[in-house]
Amino acid sequence: MALTTYGEVVEIRAIIGTGSRGGVDMPWGLAAVYGHFGLDLTGANGGVIRIDDIEIEDITSAFLRDSMDWVDVRDYGALGDGIFDCHAAFVAADNEANGRDILVPAGTYLIGDTITLQNRPRFEGQLSMADSDQFLLRQSYDLDTYINAFGDEVTGFKKAFQALLNFTDHDALDMNGRRLELDQPLDLFAIVGNKSTFEVRRVLRNGQFNLQADSAWDDEVATSSGSYSTSNPTQLSNVSNIANVPVGARVSGTGVGREVFVRAVNVGAQTLTLSQPLYGAASSQSYTFTRYQYVLDFSGFAKLSQFQVSDVEFLLNGIGSGILLCPDGQTFHVKDCHFKKPKDRGISSHGIGCQDLQIDRSHFTSNESPIASTARTTIAFNVNANDAKIRDNRFQHFAHTGVLKGNGSIFVGNHLFQGDDTPDGPRQAGLIFTYPNVNSIITGNYIDNASIEWTNEHDATPDFSSEFSFGGLTVTGNIFTAIDVASWFSWLVIKPYGSGHFIHGLSVTGNTFKAIQGNIARVDKLDTEYADLEHGSCRNLVFSGNTFNGVDQLTINPVTLVFSQNSVAQNWTLDVSGYLPFNGWARTVDSVISKGAVTNSGGARVDGMPYFTANYGSNNDQVQLSWEEACQGTVVVTARSDNPV
């Protein structure tokens, strides 16, 4: 201060504080213990200055008042210039807050290391942190707080998710109903950064992802040759250009079943691990590998269990796919979610991270509704492991709703429909089971313009040897509907990919089958493109208690029919072929009861019982009754295409 007038009284006043902020003239940080205060006098010699007094007053309470509900990080040394490391200042402010909020004023605050805040932060400015450093909050752990902290929705989500898997105080990340605009997939393993496995319950809930077009969503496609041997059924070896084959890619080529993915890649050994065996691949051939891009990509983790996605909407907009599961883990749970217009897939599993997969009360809407069902390529979900539980969901206009390998699956209370506007049009399979002995139930569903297909396409040696064949499936209490479909459409299709297989345990009971705008021939079909069933080995097959509307031929097993022989003959041929499921043989007769008297040519009653010959006729689908003499009459016969045990 310049002194310009003789005799003038001048007062000099300054405030010294710990932090550089408004009102503080001289910040001296947190390290100072005491200070020496004085005045520097500068200017020409000969002047006389009288200093009356120097007064020092502690006004700390004016800045660090206990009565305020916040503490300011600037009072503890934070600068907010984006350069100075404010880690220590934030720690100090947190230590002093004692239940009050931590105010982060306008500015950019560099935090140079992982930090945990015990008290609730209040952001006017933003943080800057390295991707590997964690920002962990004990209070107000939700997406809004993280977005406010970093000033960007996607960055905030990444930091919040990183904290979810690194902090034990919170089991759920609440997205606060926020809508995140995404122009690239979220690689969750890379986001977390420091964990390859995680098996503690965590939940992501209550939010929305909205995809924006960008080249980051483009499929990665590679074509390579490889060698395959049934002795190592889940491996391709001698893979050319293997470094270009991404983990999680879908494999296509001759002899490759549906939904086969790359589980792992070993570049040095030129081998890759497949999610499923190949049913008919040549020893050496070319393959195409297509890697879809997913909003939530868990593929980088080695193992992830007990993760749940709840009340989240995936607005995929024909741009990307929904969720790619971890290659290993258990009980991934999706509930009350919406997957709208995936470009390729809703939920994919490229390993066994789908063990005990649970999908509940969720909606899957295809991006391919306007096109013919046979032209669609999108799939809602696939399963490679056991114990999937798919309950009370809605699946609309996919090529296939689900492709399931393994057993112990429960498909209950769902509505799936895959129709189109094509007159007399074909339809694709809705549910595809690719394991013969499924030990599964399909109960209480509404299956509309889609079929259930049962195959063994994920078997490197699809011919029957000593394993279980097609069995363990219960289909009960479902509503089956078809509208304006081709007459050869059927709701239940068995397609063996190898010879020698048979049915040993199938129950189709209490269902309603209804075709509208044109009848269909029958509800069941055996697809013999690759092989027929070994009908003489079928057992424990029940097809009863169903209702049929718009179906030309009823399917019943065991079937009870009334036959009348109107002219005397010793051998009666009874044709039960139309009723037996899946082109079955007439293997046995449970009962024969005469309706009224059976009489010979003279009108006398014939009391002797006939014996039957099963598997009669050129197609083995008739029964012959042989009497002790030529006779005529009416009998009620119960025949079946299986042995009951």
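Below are the figures for this structure:
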item	result
Expected-Rg normalisation [2.2 N^0.38 Å, Cα atoms] applied to the stretch 1-80	1.44
Cross-link reach list, lysines versus Lys514, counting only Cα pairs under 24 Å and skipping chain neighbours closer than eight places	Lys495, Lys525
Per residue convex hull volume, Cα atoms of the stretch 131-267, in Å³	157
Gln570 paired with Asp392, simple spin-label distance in nm, labels 7 Å along Cα-to-beta-carbon	6.6
Rg to Rh, two decimals, where the stretch 559-640 supplies the alpha carbon set and Rh follows Kirkwood	0.98
All lysines inside 18 Å of Lys335 as judged from Cα atoms, apart from same-chain residues fewer than 8 positions distant	Lys389
Separation of the Ser487 and Thr5 label points, Cα + 7 Å toward Cβ, nm	11.5
FRET efficiency estimate (nearest 0.05) - Cβ-Cβ, Ser231 to Ile593, R0 56 angstrom	0.50
Normalised contact order of the chain, rounded percent, pairs of Cα under 8 Å and 6 or more residues apart	6
Descending Cα extents along the principal axes, the stretch 220-291, whole Å	25, 23, 18
Length gained when the stretch Asn194-Tyr611 is fully extended (0.36 nm per residue, less Cα-Cα span)	142.6 nm
Label-point separation, Ser369 to Asp219 (7 Å along Cα→Cβ), nm	2.3
Pairwise Cα inverse-distance average, inverted: Kirkwood Rh of the stretch 182-338 (Å)	16.7
Two-site FRET efficiency, Asn98 against Phe37, from Cβ-Cβ distance with R₀ of 25 Å, rounded to 0.05	0.25
Length added when fully stretched, Glu467-Ala44, from 0.36 nm per residue minus Cα-Cα	141.5 nm
Within the chain, percent of DSSP bridges classed antiparallel, to nearest 5	25
Those trypsin sites (Lys or Arg not before Pro) in the stretch 436-526 that DSSP places in a loop and that have at most 14 other beta carbons within 10 Å	none
Potential lengthening between Ile56 and Ala106 on full extension [0.36 nm per residue; Cα-Cα distance subtracted]	14.9 nm
Which label in [x] 1.03; [y] 1.05; [z] 1.24 gives the computed Rg/Rh (Cα atoms, Kirkwood Rh)	[z]
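Read-outs: derived from the displayed coordinates by stated rules, not from any lab. Since the structure is predicted, the reported quantities are computational estimates derived from the model, not experimental observations. Heads up, the Cβs are rebuilt from the backbone with ideal geometry, glycines too, and the neighbour counts pull from every protein chain shown.
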